[in-house]
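Remarks on the structure that follows.
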Amino acid sequence: MNNLKNIVTNSEKVRIGLQRNYENACNNPKFKNLIKKLDISKEEAMKHTSKFENILEQIEKCSKCKGLFECSSNYEGHAEYPNKIENKLYFTYTPCRYTKEVEEKKNKKKTEGKIIETARMKDIDINDKNRVKVIKWLKDFYDKYDASKNMKGLFLHGNFGCGKTFLISCLLNELHIKKNVDIEIVYFPEALRTLKDDWDLFADKMDYYQKVDILLLDDIGAEKVTDWGRDEVLGTILQSRMNDKLPTFFTSNLNIEELEDHLRGRSTSDVIKARRIIERIKQLSEDIEMISENRRK
């Protein structure tokens, strides 16, 4: 009998404690609004008071967060929210605005990647007068392409989103399909990360980049400059392709002078190393600027 009395007393103590926590939490207007929005009973709210408070605290932190790099959530890039579905309370993690932005960029990149993979010469918009010079160059290269000749590629630079990668991809895909040319389109900043993270495949990938019939190094100048990336990776690839007289293409938002400044990094002692890379690019490609509308809008 005494044991039963003790159990009842302990249960009552727990209930009183829950009620006290709930009443204290109700001093917070945000807590009261959350309970009202969920439309749950006082008893249900009492059971989850601490969890609701933790959620509200995390939401407050999220509102001041500047990016995923400082995320304090238990599940990075996600915030826990309560939801009531068919009179049942559920707690689920929802992606924050920064996670959504990352996913949107990934999806956009996938879409752009598919467009690049299937781009053909017939898909080029010939009505933009700002692209006429580039289009003529590409057509001339296609018509005259001969693997036995020392043909220069193209260093195509211009404003963001004007279609530099798309245009060159149209040419390369056409050559691959119609003339059986081996091509490789490499987003250079990502290639550096991949080479650094996968040393087992480093030698094979480097060998392929050096020997593939036509190589496009896309968005050169967008990478973080390191001695290793510039001298051991980029310099090695360009030197090998220059020796073998293999056409090499480049796209960049920087002109050749700006790219040289970029390749120097922060050290003025790297002037010669940066100049060496630029000279190799000039040996491998012709320089054309294209300023046109941003087609990614």
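Side notes on the structure shown:
- Annotation: extensible slack from residue 276 through residue 112 equals 55.8 nm (criterion: 0.36 nm per residue apart, minus Cα-Cα distance).
- Zone residues, segment 60-89, relative to residue 30, backbone N less than 11 Å from point 7 Å out along Cα-to-Cβ: 60-64
- The GNM of the chain, with springs linking C-alpha atoms under 10 angstrom apart, assigns the highest mean-square fluctuation among 248, 49, 111 to 49.
- Taking 40, 168, 59 in turn, the Gaussian network model of the chain (Cα-Cα springs below 10 Å) assigns the largest fluctuation to 40.
- Spin-label model, residue 228 to residue 208: label points 7 Å out along the Cα-to-beta-carbon direction sit 2.0 nm apart.
- Considering only alpha-carbon pairs that sit under 8 angstrom and 6 or more positions apart, the relative contact order computed for segment 1-129 is 14 percent.
- Gained length - residue 199 relative to residue 146, 0.36 nm times residue gap less alpha-carbon distance: 15.6 nm
- Protein accessible area in segment 87-180, 1.4 Å probe - carbon and sulfur %: 53 percent
- Over segment 195-258, Cα pairs under 8 Å with separation of 6+ residues give a relative contact order of 44 percent.
- Computed from label points 7 Å out along Cα-Cβ, the spacing between residue 294 and residue 261 is 2.1 nm.
- Protein accessible area in segment 243-297, 1.4 Å probe - carbon and sulfur %: 43 percent
- Cross-link check: pairs 88/108; 105/245; 152/205; 149/282; 61/105 evaluated at a Cα-Cα cut-off of 27 Å; pairs beyond the cut-off: 88/108; 105/245.
- 3J(HN,Hα) couplings calculated from phi for segment 140-154 with the Karplus curve 6.51 cos²θ - 1.76 cosθ + 1.60 (θ = phi - 60°) are, in sequence order, 5, 5, 4, 5, 9, 4, 8, 4, 7, 9, 7, 9, 7, x, 9 Hz; Gly and Pro show x.
- Accessible area per residue for the chain, computed on protein heavy atoms with a 1.4 Å probe, is 62 Å².
- Residue 101-residue 62 pseudo-label distance in nm [points 7 Å out on the Cα-to-Cβ vector]: 1.6 nm
- Of the residues 230, 193, 20, the one that moves most in a GNM of the chain with alpha-carbon contacts below 10 Å is 20.
The values are calculated or read from the model by the stated rules, or taken from the named source; none is laboratory data. Computed from a prediction, not measured in an experiment: that's the story for all the values here. Cβ atoms come from the backbone with ideal geometry, glycine included; neighbour counts cover every protein chain shown. Note: areas computed on protein heavy atoms with side chains; ligands, DNA, RNA excluded. Shrake-Rupley method; radii C 1.70, N 1.55, O 1.52, S 1.80 Å.
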